[in-house]
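The values are calculated or read from the model by the stated rules, or taken from the named source; none is laboratory data. All values derive from a computational prediction rather than experimental measurement. Ideal geometry is used to build each Cβ from the backbone, glycine not excepted, and the neighbour counts take in all protein chains shown. These accessible areas exclude ligands, DNA and RNA; they are computed on the full protein's heavy atoms, side chains included. Shrake-Rupley method; radii C 1.70, N 1.55, O 1.52, S 1.80 Å.
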Amino acid sequence: MEKISITVKIPALDSTYDFIVPNNMSVKNAQNLMIKILNSEYGISDKSADAMLFDTSDNTALRLECSFAQLGISDGAKLLLI
C-alpha cells in the first residue's frame, strides 16, 4: 500500500497540517480521520457532514467517494479543508 504526504490548510484554525494517508483511501475516510484527529487535539467539532476538501492547485472539490489515486492526488499535494 503506497502512502502519500499531503498538506492541508484549515482556515478555521488558521493553520496548516501535514498528513500521511494511503493513496487508495477514499477522500471521505481520510477527511473523517483528519477531523477526528483535530477534534482530539483542538476540540473542534467532529461533525464532518459539512466539511469539504479542495485541491488548491485547481480549486476543485474532491469527490468523497473517490480515492486520492483515482483523483490524481499525489505526494506533496496541497489541500484546503473547509
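Checking every residue in the stretch 26-42 against the condition of being at pLDDT 95 or above, among the hydrophobic types (A, V, I, L, M, F, W, C) and out of contact with any His (no Cβ under 9 Å at 6 or more places or on another chain) gives at least one match. For first residues located in the stretch 18-34 and among the small types (Gly, Ala, Ser), partners that are open to solvent by less than 30 Å² (accessible area, probe 1.4 Å) and lie 6+ apart or on another chain with Cβ distances below 7 Å form the pairs Ser26/Cys66; Ser26/Ser67; Ala30/Val21.
Looking only at the stretch 33-54, which residues are surrounded by 15 or more Cβ atoms within 10 Å (Cβ to Cβ) and closer than 14 Å to Phe68 by Cβ? Within the stretch 33-54, Met34, Leu53, Phe54 meet the criteria.
Against the condition surrounded by 17 or more Cβ atoms within 10 Å (Cβ to Cβ) and charged (D, E, K, R), how does Asp14 come out, does it pass? Criteria not met by Asp14.
Taking residues in the stretch 65-82 that are without any contact (Cβ under 8 Å) to a residue 60 or more places away in the chain, and partners anywhere that are small (Gly, Ala, Ser), the pairs with Cβ atoms closer than 6 Å and at least 6 places apart or on different chains are Ser67/Ser26. Among the criteria (1) touching a Phe, Trp or Tyr at 6+ places or on another chain (Cβ under 8 Å); (2) part of a strand (DSSP E or B), the one Asn24 does not fulfil is (2).
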